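The values are calculated or read from the model by the stated rules, or taken from the named source; none is laboratory data. Because the structure is a prediction, the values reported are computed rather than measured. Every residue, glycine among them, receives a Cβ derived from its backbone with ideal geometry; neighbour counts consider all protein chains shown. Calculation scope for accessible area: heavy atoms of the full protein, side chains included, ligands and nucleic acids excluded. Shrake-Rupley method; radii C 1.70, N 1.55, O 1.52, S 1.80 Å.
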Amino acid sequence: MIRPVLLIAFPLFFAFLSPIIGLWSKKWVRYLIIFATALNATLAGLLLLEVFQHPVFDIIGGFQPPLGIVLMVGPLGAIIAFIINLVAFIISIYNLKVEKEPIVRYSMLYLLLVMGSTGMVLTGDLFNLFVFLEVTSIASYSLAAYNKDKKGFLGAMKYVIIGSIGSTFVLLGITLIYSELRTLNMLDIAARIGTMDPYVKIIAFTSLFLGFGVEAEMFPLNTWVPDVYDGAPNPISAAFASLPAKAGIFALARVIFTMFSFTNFLWFVVIMGLLTVFFGELIAYTQKNLKRMLAYSSIGQMGMIIMGLGIGTTLAVEGAFYQMIAHALGKALLFIAAGFLIYAAKSDKIEDMKGMARNPLVGIPLLIGALSIMGMPPFAGFYGKFFILMGGFSEGYYAIIALFLAASIVEVAYYARFIKIVFEKGNRVIRPDAATYIPLILLAILIVLIGVYPKPILAVLQHVSAFITGGA
Amino acid sequence: MDALTLFGIFILLPLVGALLSYFGRKYAPIIALIFVAITGIFLYVWYGNFGSYTVDIGVKLNLTFDITTWFFMLMINTVIFSSLLFAVSADLKNAGGFSTLMLLGFTGANGVLLSRDFLSLYLFWELMSWSVYVLILRTSGEYARRYLLFGVLSAYFIIMGIGIIYYYTGSFLYEDALSGVIPYYAWAWILVFLILGFGVKMAIIPLHVWAPYAYSSEQPFVSFLSGGLSKLGTFGIYMSMYSIAGVGILDSFGTFRGVSLLGYPFALLGAITAFVGTILAIFQDDIRKLLAYSSIGQLGYVMVGLGLGTSLALGGALFHAFNHAFFKSLLFLGAGAVIYRTGKYKISEMGGLGYRMPFTFLFVLFAIFGLAGIPLTSGFISKWMLYEAAIEKKFVIIAPLMLIASVGAFLYSYRILYGIFLGGLKEEHKKVKEAPAPMLAAMFILMLPLLIFSIVPGWILGWINDVLTNTGLKPIDYTQFTYYSSIGGANMATFWIAFMVLFFVAVAIFIMKRARVVNQYDNYFAGEAPSSVALHAAHNYYKPLKDTWAPMLKYSVDRAYEKFSKFFVDGFYEIKKIYTGNPQDYAAYLGIAFLIFLIIGWWLL
Amino acid sequence: MKRVLALTLAILLFIVFAMAFAKIPFGEKMSNYPDYYNPIENQTSNMSLPQHYLTYGKNDTGATNMVTAVVVDYRGFDTLGEVTVLFLASTGVGSLMYVEDKVKRKVRRSNAVVETGSKLLFGFIILFGAYIFIHGHLTPGGGFPGGAVIASSFLLLYLAYPKFHAEHKKLNVSESLAGLTFVIVGLLGLIIAGYFLYNFLPFGLPTYLFSAGVIPVIYVAIGVKVGSELTGIVDAMMGVRE
Amino acid sequence: MDLFTIVSLILITIMIIAAIIAAEIKDLLSAAIASGVMSLVVSILFYMLQAPDVAITEAAIGAALSMAVMIFGIKSTKRWEK
């Protein structure tokens, strides 16, 4: 029996341990981080197997909810936690490429980022969710500026401003909910949300929606994204797209479905998703800087997930979750590849990267990642997109889907432009080192596996209907 | 045979082959060839062994192996087999990647043909689409993007069609669409979306702009793309119009001289495509572009047949698609063989190669007969069926357009024939050798059916009849050598007897009176030595014709698309200004967003 | 123009939230609050949450200070998270202010009054801080205020003695050890009783120093941790580099 | 109106004024000090609202440490806002 709390306790333990180990050897700390994330991924995998039968409740401190805090893990939470930890493990291999001091602190921050994102997914307590949101975002702020150059600091500053406004809204929302309902347990809140004063309820909902929307990169709360993704170290950009963003959107889904089950609001969520897609994809087309392009594309993808959640049918929400998984894998891959391309071309402009991906160790994973993001089969991105679209049709959102498809064509256009440049005949082909190509190949294999044989994932996602109706 | 065998042989086996052949280096095409051959053998063995199955990979794939699938698979299998055979001796760079992608495309094609539910259709359609994209990317990066954009456009049109069906039925199965829950006005949208979607693959004007560039890639691949994969468009339109929707629904939109009002515009579009494609082909000097436009034109004929929708027209369309698969692949391979030996693409830079490459010449000659609809090949019969189908219904625009296009086909065929194989041999090509044996074998495989089905069209008409009856349409009236229509039909036996007689007469004349061979430079030039370019027969070929058409040629669909996209991209830059980079603005966005969310939330409560 | 807009926005947001808070029944009788509901056992208790804390808090946790009971025991997991947040802040500042070459601070001696005064006060402030967190389960206060007070004593030294600096490695080690203590106490609870952060030590008698089980242990750890972290932040900001 | 209300009203007024000064003044050092003053007043208010532990924390962190950190920050950058 795997206790979900171990997924949080172990990273914390290792994070607190690493400064002491760092006194002996800095190298060990890096391997310790890889070990810790690997352990976490394994635990999350085992947890996933267990959660299949029934949701797991892990009571902290021995106090029955809602007196104490409880971790509440359903199949969906477990799979998102698993993906987060798996991707975190893979990125931690790529972390070996980071050379800049102080490396021990970097490793600690990274581990705590992973811990925070995992906690956001696992927790069943609203205030605990806020605490993990804080852990995640404060780790993100420091990591975003870790390069200590102007770009990094500017990005981090924007992130700090917007992130802390978002957190404040979340805290205000929680305050309102607690002072009305005198409880913080999500299921407890869900059970008695109807008794809330409508005005307070709507403000609380809006605050939470906005606050988690910042992490979930919803328009117009995603203004920090391009600067942060651009300024952060390469592994961190990869991690940002895969860890906190997914945790944020999962929290958003919890707010919408588990806690408030505010079905009237859903069409507005769809519109916000569509706007996010539009702004993300269309602006991504104009970008000359690779990481910025990927960042805007990330916004577009997150918009798609938000759309899927907003459509709210079983199929669409299934698609949204599938897309979360696919995007976590695909964007991590693309950002790692981008890190290599930038390193090889010594420039972050796409036009300088002629032929840099001609080495098959980078080229093939890069192509797979890009195709997966575009939603091509047999890669992971296909099912998510297809299910979201079909879910949209079944609810009759014809015009919205048509607009979304138009934006998708733009997405294909800029990815194709990027692919064309990096595969063009260039001057020289640089061979990547193991810390770069091992994560790339691992992610590519995962993407293909999930795409070719989606049965395991879809088996987990079957539980989505329980999630929509307010269960775990 | 059960579901897994079917899935295993037609989908998994090529996929495994794709994986294996990546590591095959130089021998990759041979490995791929083996895998294609195995599926081909099973295709042969399983003829008549039809049925439908469900494969569960998490989503349920409904696969049906029936005569329609079999008929199209036959084309695609043969075409990819000969293309890969050709590729064995063509020195491709990264042959492993090439074979892998070819097999992926093949898998996608098989999947599209087998699938009887929209999810697997879309899945395999996209698989096929992007593997072709990467294949194009290998040689011409700039134009691969254009292909991908149109490929995705086609996929999204299909998605729209599927989605509307899904809204009404809540199911992805083809047969559920038939259950009558979809109102007929929705069918209009569905069919328009589906036909446009599949039409992109057939390069119907104005969705054709990807084709000339995509067809300029490596020849073995292009022969598969043009000969094989474009037939998936035909298959898709055929299925969506006559199997998924059915004649009843098509006719419920009203009819015009017995042809559905929904089908007629597409038939007209097909005729225009045939016409424009042919006209543009005439003016090309690049052999690849010429064949590309010719391909567009030929598929226009098929579209006419699909749009008209009478049994004769559909039979003609299927037959022509079948012929096109063979003769266009053969032409691309022939061109490939010539390019392989000479390294030239321009017709005006070649000439006289018929003496050096006699077998290639012979095979290409047959392909051209098929293309131009000359009675020696089965291409004649299919075209004739299509003319008759149009004339039968007295369509005064479609029929003449097709006839003019046919004349145009003669013109550009002649350009290929004369420009490349006849005329004077260039000095630099004196040492050109005949194409290697695998290439010749590949071309021979493709030539054979053209010849055989021209003598006994009954065989193929039998299959086509099975396809038509399987879809629930009336069969064509035919015998082994003849088919009949309300205004005549054609009897190939008579043709062949007449041809044989004439042929022997011609041979006798040729033997009796030998012509004098003249050197290219053995001429009178009034004291001025002209350049060898100006002397070439294909130099400024059809210039007078081109001058006549010049005012029309300046309108280009290409440029229209460019203007369209530029307009939008400018808009993107305007939108970008929202991300000002100033954190104060961003904070204000948050506040404003909160208020807006709040107002909407309050309103929705 | 922008200023006016921003001001209007701020005022609007203020009004919106003020209206929401106006509807909240602050200071109402406890019994008017809704009874809590246990989602796992699927049953409703006949008490509201705050009422439960006040009634059974002493029995449940052994602490006489109810705030501490809630912060360290009922919601100890949140506190672990908050400690992590502080840890992150200090680590983040440390990693961002890090430069490879050591830069010396510009030295300007402060006057004798400040120096002697801070020498005198330093011990008392530390003592006060330690008192606050050691008695966290009995009297108001706890690890966070205690740690902050300790850090402010170090701040005094930084201000008085320009050459003073706390050794970074020691700060790091004490910070880490304190954090580890917290986590290990939690894991021990998991091992002993099956609940993470379970209060597995005997409660003892209320109002005695050695009572309330693991709460004092955790509070001491938090106090040390917060103290060293805040000192670390000040140190990093002062420009003395490791 | 009892003494408690009067004192707290005065304190709240001081707090608001200090906050406005902190936000508006161009001299960043003065702004930091103003925010320290605000924290101090807040901590007194906390004490009056019977939250002595929060009051201690606010006094130590808000009035002492964060002000110090801000002042160090200003020292290593510029004193005047543009």
Phi angles of the stretch B:163-170, converted by Karplus (6.51 cos²θ - 1.76 cosθ + 1.60, θ = phi - 60°) into ³J(HN,Hα) in whole Hz with x for Gly and Pro, give x, 5, 4, 4, 4, 7, 9, x
Taking only DSSP H segments of four or more residues, each worth -39500 (n - 2.57), what value at 222 nm results for chain B once the sum is divided by all its residues, to the nearest 500 deg cm²/dmol? -22500 deg cm²/dmol
Specify the angular offset, from 0 to 90 degrees and rounded to the nearest 10, of the alpha carbon long axis of helix B:311-342 from the longest principal axis of the alpha carbons in chain B. 60 degrees
Between residue C:110 and residue D:7, what's the calculated FRET efficiency when r is the beta-carbon distance and R0 is 30 Å? Round to 0.05. 0.30
On the accessible surface of the stretch A:263-472, probed at 1.4 Å with all protein chains in place, carbon and sulfur together account for a percent value of 64 percent
Note on the stretch B:560-604: C-alpha Rg/Rh, Kirkwood Rh, two decimals, gives 1.26
Can you check what the Kirkwood hydrodynamic radius comes to for the stretch A:132-281, Cα pairs only, in Å to one decimal? 16.0 Å
Averaged per residue, the 1.4 Å probe accessible area of the stretch D:3-76, protein heavy atoms only, in Å², is roughly 53 Å²
Could you pull out every whole DSSP H run in chain A that spans at least 30 Å of Cα extent along its own axis and averages 0.0 or higher on the Kyte-Doolittle scale? A:26-51, A:150-181, A:266-286, A:290-311, A:314-345, A:398-423
Could you give the angle, 0 to 90 degrees to the nearest 10, between helix B:67-89's Cα long axis and the longest principal axis of the Cα atoms of chain B? 60 degrees
Between the stretch B:245-280 and the stretch A:343-373, what is the C-alpha centre distance in whole Å? 45 Å
Using packing as a proxy for protection, rank B:473-483, B:456-466 so that the peptide with the highest average count of other Cβ atoms within 10 Å comes first. B:456-466, B:473-483
Residue farthest toward the positive end of the dipole of the stretch C:64-238, with Cβ of Lys/Arg at +1 and Asp/Glu at -1: which of C:206, C:112, C:64? C:112
Per its Cα gyration tensor (rounded if a/c is under 1.5, else prolate when a/b beats b/c, else oblate), the stretch C:64-238 is best filed as oblate
Taking 7 Å along the Cα-to-C-beta vector as the label spot, tell me the residue B:94-residue D:21 distance in nanometres, rounded to one decimal. 6.9 nm
Give me the summed buried accessible area for the C-D pair, 1.4 Å probe, to the nearest 100 Å². 1200 Å²
With Rg and the Kirkwood Rh both taken from Cα atoms, where does Rg over Rh land for chain B? 1.01
In square nanometres, what is one fourth of the surface area of the convex hull spanned by the alpha carbons of the stretch A:28-78? 4.6 nm²
Can you list the equivalent-ellipsoid semi-axes of the stretch A:88-217, largest first and in whole Å, using the square root of 5 times each Cα gyration tensor eigenvalue? 34, 16, 9
What Rg and what Dmax come out for the stretch B:42-140 when only alpha-carbon atoms are used, in angstroms? 14.9, 42
Per residue accessible area of chain B, 1.4 Å probe, in Å²: 38 Å²
Please compute the net charge surrounding residue B:215, taking Lys and Arg as +1 and Asp and Glu as -1 over other residues with Cβ under 11 Å from its Cβ. +1
Give a quick list of chymotrypsin sites (Phe, Trp or Tyr not before Pro) in the stretch C:1-77 that DSSP marks as loop, anything other than H, G, I, E or B, with at most 11 other Cβ atoms within 10 Å. C:26
Hey, can you rank D:37-49, B:352-364, A:200-212 by average C-beta count inside 10 Å, highest first? A:200-212, B:352-364, D:37-49
Could you please state, rounded to a whole Å, how far the C-alpha centre of the stretch A:6-83 is from the C-alpha centre of the stretch B:122-159? 42 Å
Given charges at beta-carbon only (K, R positive; D, E negative), |dipole| of chain B in Debye: 1480 debye
Normalised Cα Rg of the protein assembly as shown, dividing by 2.2 N^0.38 Å with N its residue count, works out at 1.09
Would you mind giving the total buried accessible surface between chains A and C, with a 1.4 Å probe and ligands, DNA and RNA left out, rounded to the nearest 100 Å²? 5900 Å²
For peptide A:3-13, what's the mean number of Cβ atoms from other chains within 10 Å of each residue's Cβ? 5
Before anything else, pin down the relative contact order of the stretch A:333-404: Cα pairs under 8 Å, at least 6 apart, normalised by residue count, whole percent. 18 percent
Test assert for the stretch A:44-74: residues whose accessible surface shrinks by at least 30 Å² between chain alone and all chains, 1.4 Å probe, equal A:57, A:59, A:60, A:61, A:62, A:63, A:64, A:65, A:66, A:67, A:69
The stretch B:315-383 versus the stretch C:200-242: alpha-carbon centroid distance in Å: 87 Å
Residue B:564 to residue B:543: extension gain in nm, 0.36 nm per residue of separation minus the Cα-Cα distance? 4.4 nm
Treating the angle as unsigned and between 0 and 90°, give the value, to the nearest 10°, between the Cα long axis of helix B:13-22 and the longest Cα principal axis of chain B. 70 degrees
Just checking the output field for D:73-80: average partner chain Cβ neighbours within 10 Å of each residue's Cβ? 1
Report the B-A buried area as the accessible area lost on both sides summed, probe 1.4 Å, in Å² to the nearest 100. 6100 Å²
Accessible area per residue, 1.4 Å probe, Å², for the stretch A:79-138: what's the number? 14 Å²
Those residues in the stretch B:578-605 that give up at least 50 Å² of accessible surface, probe 1.4 Å, once the partner protein chains are present instead of the chain by itself are B:579, B:583, B:586, B:590, B:594, B:595, B:597, B:598, B:602, B:604, B:605
Taking the highest mean first, how do the peptides B:92-102, B:227-237 order by number of other beta carbon atoms within 10 angstrom per residue? B:227-237, B:92-102
Report, in listed order, any pair from A:420/B:563; A:151/A:291; A:27/C:169; A:425/B:93; A:349/A:420; A:148/C:225 with a Cα-Cα distance greater than 19 Å. A:420/B:563; A:148/C:225
If R0 is 35 Å, what FRET efficiency do you get for residue B:181 and residue B:2 from their C-beta distance, rounded to 0.05? 0.65
For the stretch B:326-393, take the convex hull of the Cα atoms, compute a quarter of its surface area, and give me that in nm², please. 5.4 nm²
When Cβ neighbours within 10 Å are restricted to other protein chains, what is their mean count per residue of peptide A:194-207? 5
Jot down the per residue volume, in cubic angstrom and as a whole number, of the convex hull over the alpha-carbon atoms of the stretch D:3-76. 60 Å³
